[in-house]
Amino acid sequence: MTDYEAATPADPHADASRPLLEVSGVIAGYGGGDVLQGVTFSVPQGSITCIVGPNGAGKSTVLAALSGLLRPRAGSIVFGGRSLVGLSARQILGTGLVLVPQNHSLFREMTVRENVEMGAFTVRDSAVVRARLEAIEEQFPIVRERAKEKAGSLSGGQQRLVEFARSLMLDPTLVVLDEPSMGLDPKTLRQVFATVKAMNSAGRTILLVEQNARAALKLSTHGIVLESGVVRLTGTGREVLEHPEIEELYLGGAVSDRLGLRRDGLMRR
Amino acid sequence: MIQAVVDGVLTGGVYALMAAGLTLIFGVMDIINVAQGIFVVLGAYLSYVLSVHLGIDLFVGLLITMPAMFVVGVVVQWVFISRLGERERTAMSILATYAIAIMIEGILGLVFSDNYVELNAWYVTRSYHVFGFYLPYIYVFGFVLAAVLLGAIYLMLYKTRFGASVRASLQDRSAARLVGVNVDRVATITFGIGVAVTAAGGMVYGATNSFNPNTGYDLISRLLTIVILGGLGSIGGALGAAVCMLVLEDVVAVVWSPVWAPFVFFAALVVVLSVRPTGLFGRSSARAQ
Ligand SMILES: Nc1ncnc2c1ncn2[C@@H]1O[C@H](COP(=O)(O)OP(=O)(O)OP(=O)(O)O)[C@@H](O)[C@H]1O
Ligand SMILES: [Mg+2]
C-alpha cells in the first residue's frame, strides 16, 4: 500500500535527453491471444503525443498496460527513469501518471465535488485535498457550479471535463487520455481540445488516443500509428498527418469510399 | 392484524440487516453469495455454543461471534472467491458459494446433528404488553440491534474514507482502481462485513425460530427474494423490501392462513419482477459498467 506521499514521483529533469516515457517490446492481452505484439514508442517530455489507429488496434490496451490495469506479459515501460511493469494501479498513480479512460468513469451516484475529491483518494491530508480542489475549481468552473449535482446527471461533455478535473488532483506529470472527444459535438470537442492544450501549456506532458485523428494530430507535437497491436509509424504530429498512406487510410483522404477495403489489405500483412 | 404488521416490521429489520450484507457483497463484487443463509445458521450455532456451554448472554456473545464471522468471511473470500476469474463471475460465484454452503451444512450436521434447537434467554420468553399488543422482548431488542448495525454500516459508507472506497468500487470498479482504490482489499473487507452481520442476524433468528443445519435454504431463498426486490446492490432497497415482505407475509398468515404465507413471498417476487425487472426500488442504471 504505497501512499502517494510516500511514492517517489518521477523526476522530469532526471535526464533531459531521455524521453519521459519509454515503452519497448510490450506484449499484453486479456487471457486469450496477445493483443499487443511488441509495442515500442516513446513520449518526449512536454509533448502532446497522439496515438491513432483503427478500432481494435489495441490503443486502449496500451493505455491499460501503462496505468497498471493490465500487466504486460513481456517488455518494459519506463517512466521518468522508473520501471512501471509490475506496479499496481495505485503505485503508478503515485509516480505521476494518470489515465482518463475511454468510457465515462465518473462515480455516477456521487456528486461532482465528491468525484473530484476522489481524484485525491490517495492523499490523506484533507487540507492538501482542499487546497488542490480550490485550484482545480479555478481551472474548471463547472466543478464549482455543479458541485452538489450527481455526476451521472451531467451531459457527456460536462462529464469529460469533470474527469479531467479529477485526473489533475494529484498534480500528474503525464496525463493519459483515451478518446477524450468521443461522442462530443463540435463545440464541446473544441472546448475539450482547448483544455488538453491548456493542460500541456501548464507543463504537463499529454499522451492521448484519438479517432478524430486529423484534429488531434494538428494539436499534437508527436504522432504514433498503431495497428493490429504493433506500431506502424511514429514521427512528429505533422509528419504523421501528412504521410500519404496514413492520410488515405485514417484521415478520410480522397479515396475514403475504398477505406474499408484498403484497411483490410493493410491488416493482412 | 395490527399485531401482524408490528411483528412484520420488527422481524423485517433483522432480515434487512442480513439482506444488506448480501446486497453489499453483490454491489461491490458482482458476487451472489448463496452461502449467506448457511452463514446465518452458523452464526446462530455460534451463539448457541456460547450461551449453552459457556453461559454467555446472546447479545454479549455477539462481541465474539461477529468478529468470528468476519474472519470466516475474509477467509472464504480469499480462498474461494478471489480465485474466480472476471468472466462469468456472477454465475461462477453462485456455484462456488453453493459449494461452500453445502460444506458448512455438512460440518454443522456432523457437529450438531439434524435436531432442531433454539436460543434461550430471559428476553426470549417475556413480552411487553403495550396498547393490548403482545411484543416479545427479543423482537424489540432484535429490531434495535438491526437498526444500530444498519446505522453503523450507513455511517461507515458515507462518513469514512473506507466507505468512499466501497461506494467507488460499487459504482465503477476500474475507475476506482484508477484513482488508487485497492479494490481487492475493499472487496475482501466488504465480504467480511457482509458475513459478519449474519452473526447478529443468526442470533436473533435463532432466538425467534428453532433451527437446524438445513434452515439455511429457507433463509437464503427469502434473502435473495428481498435483495432482488430491493434492486441488486441497493442497500436502501433491501431495507424497504425486507420490511414490506415480512409485513406482507405476517398479514397473510393472520388474514388468510400461515400455510399461504411463504407462498405469497415468492408470488410477490414473480409479480414484481414481471412488472419491474429492476426490482421494487431498483434504478434501471444504478451501476455503470
Ligand atoms: N477487457 C477485455 N477483455 C478481452 N478482450 C479485450 C478487452 N478489451 C479489449 N479486448 C480486445 O482487445 C483488442 C484491442 O482492444 P482495444 O480496446 O485496445 O482497441 P482500441 O484500439 O482501443 O479500439 P477502439 O478504437 O475501438 O477503442 C480487441 O480485439 C478487443 O476485442
Ligand atoms: Mg479504445
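The values are calculated or read from the model by the stated rules, or taken from the named source; none is laboratory data. From a predicted model like this one, the values you see are computed outputs, not experimental measurements. Cβ: placed from backbone, ideal geometry, glycine included. Neighbour counts: every protein chain shown. The protein model used for the area step is the full one, side chains on, heavy atoms only, and it has no ligands, DNA or RNA in it. Shrake-Rupley method; radii C 1.70, N 1.55, O 1.52, S 1.80 Å.
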(request) Could you grab the pairs with beta carbons closer than 7 Å, sequence gap of 6+ or different chains, first residue in the range A:60-85 and over 13 Å from B:LEU178 (Cβ atoms), second one away from ligand 1 (no atom under 13 Å from the Cβ) and part of a helix (DSSP H, G or I)? (result) A:LEU84/A:ILE92
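Provide a single number: the residues in the range A:29-44 that are assigned to a strand (DSSP E or B), more than 14 Å from chain B (Cβ to nearest Cβ) and surrounded by fewer than 23 Cβ atoms within 10 Å (Cβ to Cβ).
First, the residues of the range A:29-44 that are assigned to a strand (DSSP E or B): A:29, A:34-43.
Filter once more, keeping what is more than 14 Å from chain B (Cβ to nearest Cβ): A:34-43.
Now narrow it down to the ones that are surrounded by fewer than 23 Cβ atoms within 10 Å (Cβ to Cβ): A:34-35, A:37-38, A:40-42.
Residues that pass the stated criteria total 7.
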(message) Could you list, ordered by first residue, the pairs with Cβ atoms under 8 Å in which the first is in the range B:54-73 and without any contact (Cβ under 8 Å) to a residue 12 or more places away in the chain and the second is part of a helix (DSSP H, G or I), at least 6 apart or interchain?
(response) B:ILE56/B:LEU50; B:ILE56/B:ILE64
(message) Can you pull out every residue in the range A:140-152 that is surrounded by fewer than 23 Cβ atoms within 10 Å (Cβ to Cβ) and within 12 Å of another protein chain (Cβ to nearest Cβ)?
(response) A:LYS150, A:GLY152
(request) Take the range A:173-198 and flag every residue that is surrounded by fewer than 18 Cβ atoms within 10 Å (Cβ to Cβ), within 16 Å of ligand 1 (Cβ to nearest atom) and in contact (Cβ under 8 Å) with a residue 40 or more places away in the chain. (result) A:MET182
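Evaluate the range B:175-187: report whether one residue or more is in a helix (DSSP H, G or I) and either in contact with an Asp or Glu (Cβ under 8 Å, 6 or more places away or on another chain) or hydroxyl-bearing (Ser, Thr, Tyr) (or both).
no
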(message) For the range A:101-117, give me each residue that is within 18 Å of B:LEU170 (Cβ to Cβ), open to solvent by 10 Å² or more (accessible area, probe 1.4 Å) and of a type outside the set (Asp, Glu).
(response) A:PRO101, A:ASN103, A:HIS104, A:ARG108, A:THR111
(message) Of all residues being under 24 Å from A:LEU106 (Cβ atoms) and of a type in the set (S, T, N, Q) in the range B:141-193, which is farthest from the other protein chains (Cβ to nearest Cβ)? Just the residue, please.
(response) B:THR190
(request) Taking only the range A:27-59 into account, find how many residues are farther than 24 Å from A:ASN212 by Cα, within 16 Å of ligand 2 (Cβ to nearest atom) and touching a strand residue (DSSP E or B) at 6+ places or on another chain (Cβ under 8 Å). (result) 2
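Taking the stated definitions as given, is A:ASP178 within 16 Å of ligand 2 (Cβ to nearest atom), within 14 Å of chain B (Cβ to nearest Cβ) and acidic (Asp, Glu)?
yes
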(message) Of everything in the range A:199-234, what is assigned to a loop (DSSP other than H, G, I, E, B), within 16 Å of ligand 1 (Cβ to nearest atom) and open to solvent by less than 50 Å² (accessible area, probe 1.4 Å)? Give them in sequence order.
(response) A:GLU210, A:GLY229
(message) Which count do you get for residues in the range B:104-142 that are open to solvent by 50 Å² or more (accessible area, probe 1.4 Å) and of a type in the set (A, V, I, L, M)?
(response) 4
(message) Kindly evaluate B:ASP172 against the criterion of being surrounded by fewer than 17 Cβ atoms within 10 Å (Cβ to Cβ) and charged (D, E, K, R).
(response) no
(message) For the range A:45-59, which positions are open to solvent by 10 Å² or more (accessible area, probe 1.4 Å) and either away from ligand 1 (no atom under 16 Å from the Cβ) or part of a strand (DSSP E or B) (or both)?
(response) A:GLN45, A:GLY46
(request) Enumerate the pairs (first residue in the range B:76-95 and within 14 Å of chain A (Cβ to nearest Cβ); second residue anywhere and open to solvent by less than 70 Å² (accessible area, probe 1.4 Å) and not in a loop (DSSP other than H, G, I, E, B)) with beta-carbon separation below 9 Å, excluding pairs fewer than 6 apart on the same chain, so at least 6 apart or on different chains. (result) B:LEU84/B:SER93; B:LEU84/B:ALA96; B:ARG89/B:MET29
(message) Residues to consider are B:SER234, B:SER210, B:SER221; find the one that is among the polar types (S, T, N, Q) and touching a strand residue (DSSP E or B) at 6+ places or on another chain (Cβ under 8 Å).
(response) B:SER210
(request) Scan the range B:62-103 for residues that are open to solvent by 70 Å² or more (accessible area, probe 1.4 Å) and more than 19 Å from B:ILE193 (Cβ to Cβ) and jot them down. (result) B:ARG83, B:GLU86, B:ARG87, B:GLU88, B:MET92, B:LEU95, B:TYR98, B:ILE102, B:MET103
(message) Against the definition (among the charged types (D, E, K, R) and within 16 Å of ligand 1 (Cβ to nearest atom)), how does A:GLU134 come out, yes or no?
(response) no
(message) Against the definition (over 19 Å from B:GLY37 (Cα atoms), open to solvent by less than 30 Å² (accessible area, probe 1.4 Å) and either touching a helix residue (DSSP H, G or I) at 6+ places or on another chain (Cβ under 9 Å) or modelled with pLDDT of 80 or more (or both)), how does B:VAL264 come out, yes or no?
(response) yes
(request) Considering only residues that are assigned to a helix (DSSP H, G or I) and open to solvent by 40 Å² or more (accessible area, probe 1.4 Å), look in the range A:60-100 and name the one that is farthest from ligand 2 (Cβ to nearest atom). (result) A:GLN91
(request) Name every residue in the range A:104-139 that is at the interface with another protein chain (Cβ under 8 Å from one of its Cβ atoms) and over 22 Å from B:PHE162 (Cβ atoms), in order of residue number. (result) A:HIS104
